[in-house]
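First the structure, in the form of structure tokens, and then the observations on it.
Coordinate-derived values only; no laboratory data. Only a predicted model underlies this, so the values are computations on that prediction, with no experimental measurement involved. With ideal geometry, Cβ positions are generated from the backbone for all residues, glycine too; neighbour counts draw on all protein chains shown.
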Amino acid sequence: MPPLALEQLVRTAEAAADRARAEVVPRFRGVSVEIKRDGSPVTEADRAAERAIREVLREATPEHRIVGEEYGEEGSADGPVWLVDPIDGTIAFSRGIPLFSTLIALLDEGEPVLGLIDLPMLGERYVGWKGGGCFRNGAPTRVSQETDLSKAIISHGDPFAFELCGKRDAFLRLAERCPLLRGYTDAFGHALVLGGGVGAMVDTHLNPWDAAATQLLVPEAGGRCVTREYGGKLALVFGSEALVEQLLPLVE
């Protein structure tokens, strides 16, 4: 199989994110919320955005499989795979909080090779591809180079997510050791790490579409991203190399 034209595929992912924005932004603070079988919230904006993303990806790369949070899998079982989360942070979106995102990633042979985190209400978009770097609105961005855990801002996902994967004690250790521990949840927190404002983050109980873009973007932004699996879900520790090294013993 010939190498993927990643820079061209980034443009495809951005076109899909543009279409998602067009569906999501007009519905912000204007849709009702449903509860899915797994207990998580969903709105018509989630579904409309994923349909729009799939349409763009399907037209541009009909040979690729698509796996999304709302509509499952479609396409060939072999070859590259798009992972899609139309609204990461539906809890925030459904309560009128503008700190949600759209996530798109591409896997090749099971490894992320392209990632996109779009923050529609903030007008920020992080994109990158393997070997190509990480960019925020077209400008290169780097993770923090902080080394002092006592001074760095450390972010975490929701405490209940630590509970769900049996890591409540890990959260308590983070709270004890990190004076500037803050709950910048979902991929909004991931973007803050990519921008360098947050030194590192610990995020647990993730699905593949929650994690893949970050797994690619953090190394491309000069940082380290460590993936673990707890209870069938993924956990990420990522950011400054030095901070990640200090955080790992607290959460494992």
Helix 168-177: angle to the longest alpha-carbon principal axis of the chain, degrees 0 to 90, nearest 10?
60
Roughly how many nanometres apart are two label points built 7 Å out from the Cα toward the Cβ at residue 228 and residue 248?
1.1
Could you order the peptides 85-97, 63-75, 201-213 from most to least packed, using the average number of other C-beta atoms within 10 Å per residue?
201-213, 85-97, 63-75
All-pairs Cα distance distribution in segment 154-251, expressed in whole percent, bin size 5 Å:
3, 15, 29, 29, 19, 6, 0
In sequence order, what are the phi-derived ³J(HN,Hα) couplings for segment 113-129 according to the Karplus relation 6.51 cos²θ - 1.76 cosθ + 1.60 with θ = phi - 60°, rounded to whole Hz, with x for glycine and proline?
10, 8, x, 9, 10, 10, 10, x, 6, 9, x, 10, 9, 9, 9, x, 9
